[in-house]
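K.L.:
Can you keep this structure in mind? I'll have questions shortly.
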Amino acid sequence: MFTLPELPYGYEALEPVIDAETMHLHHDKHHTGYVNSVNDALSGIGEFENMSIEDLMGNLDKVPENMRTKVRNNGGGHYNHSLFWNLMSPSKTTLSGTLLEAITSTFQSSGALQKQMNDAGVARFGSGWVWLCVRDGKLVVESTPNQDNPLMDGGKPIIGIDVWEHAYYLKYKNVRADYLVTWWEIINWDYAQELYSKST
Ligand code: MN3
């Protein structure tokens, strides 16, 4: 069954952009909760016990209907947060290589991509995520409600930003726009490039 991954850095490593208390609550409480709940939902359904979380996201229609919403919400929570921890880094990374080329040709510049994602994140009503993903061979910006993600309908995530209040409220209060603008200071472009290389 699924297990909680350790953070790839210390809880305080992303300060001042993300404070240690937020990281503790987000990783130790929220992410743990998603892992426990998806495992609980899938316990006793043999065919899913050895499935990767990525494969599970693309096969939700095969989950028995009475468990599907619980698996969607909590399996999505596990996948999304596992990705999110790796998409942040305490050491500065630089957008380069094939991802830089693709972003430049699609959005004109990294700054324009960031603005489009920030706007989509602010526009997402309630809780959800904003994504850069590959769909039909092209880079696109999308947002999803709750713990949904692009894998659920054939997209491949490259960048995902959590816009649930629990991701930013202690430090940024109700101002999601400030959290989003500041978040780009800690993006791990190397990991985004890794995901992009695997997606094409
Ligand atoms: Mn979250």
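The values are calculated or read from the model by the stated rules, or taken from the named source; none is laboratory data. The structure presented is a predicted model; accordingly, all values stated were derived computationally and were not measured. A quick note on method: Cβ atoms are made from the backbone with ideal geometry, for glycine too, and the neighbour counts reach across all protein chains shown. Keep in mind that these areas ignore ligands, DNA and RNA; they rest on the heavy atoms of the full protein, side chains included. Shrake-Rupley method; radii C 1.70, N 1.55, O 1.52, S 1.80 Å.
K.L.:
Is it the case that some residue within the stretch 134-149 is part of a helix (DSSP H, G or I) and over 17 Å from Ile187 (Cβ atoms)?
P.N.:
Here is the first cut: in the stretch 134-149, the ones part of a helix (DSSP H, G or I) are none.
Taking every residue of the stretch 134-149 in turn, none turns out to be part of a helix (DSSP H, G or I) and over 17 Å from Ile187 (Cβ atoms).
K.L.:
Report, by residue number, each residue of the stretch 141-165 that is more than 15 Å from the ligand (Cβ to nearest atom), touching a residue at least 24 places away in the same chain (Cβ under 8 Å) and surrounded by fewer than 16 Cβ atoms within 10 Å (Cβ to Cβ).
P.N.:
Gly154
K.L.:
What is the residue count in the stretch 11-33 for residues that are touching a Lys or Arg at 6+ places or on another chain (Cβ under 8 Å) and either within 12 Å of the ligand (Cβ to nearest atom) or open to solvent by less than 10 Å² (accessible area, probe 1.4 Å) (or both)?
P.N.:
2
K.L.:
Go through (1) at positive phi; (2) within 18 Å of the chain's Cα centre (by Cα) and name the single condition Ile158 misses.
P.N.:
For Ile158, the exception is condition (1).
K.L.:
Does at least one position in the stretch 57-71 carry a residue that is outside the structural domain of Leu139 (by TED's automatic domain parsing), closer than 21 Å to Ala192 by Cβ and open to solvent by 10 Å² or more (accessible area, probe 1.4 Å)?
P.N.:
Looking only at the stretch 57-71, we keep the residues that are outside the structural domain of Leu139 (by TED's automatic domain parsing), and these are 57-71.
Keeping just the survivors that are closer than 21 Å to Ala192 by Cβ gives 57-58.
From what's left, open to solvent by 10 Å² or more (accessible area, probe 1.4 Å): 58.
Yes.
K.L.:
If I ask for residues that are surrounded by 14 or more Cβ atoms within 10 Å (Cβ to Cβ), in contact (Cβ under 8 Å) with a residue 24 or more places away in the chain and more than 14 Å from the ligand (Cβ to nearest atom), which ones from the stretch 87-111 would you list? Even if it seems obvious, please write down each step before you answer.
P.N.:
Pass one, the stretch 87-111, residues surrounded by 14 or more Cβ atoms within 10 Å (Cβ to Cβ): 87-90, 93, 95, 99-100, 102-104, 106-107, 110.
Imposing the further condition that a residue be in contact (Cβ under 8 Å) with a residue 24 or more places away in the chain reduces the set to 87-90, 93, 95, 99, 102-103, 106-107.
Those that are surrounded by 14 or more Cβ atoms within 10 Å (Cβ to Cβ), in contact (Cβ under 8 Å) with a residue 24 or more places away in the chain and more than 14 Å from the ligand (Cβ to nearest atom): Ser89, Pro90, Thr93, Leu95, Leu99, Ala102, Ile103, Thr106, Phe107.
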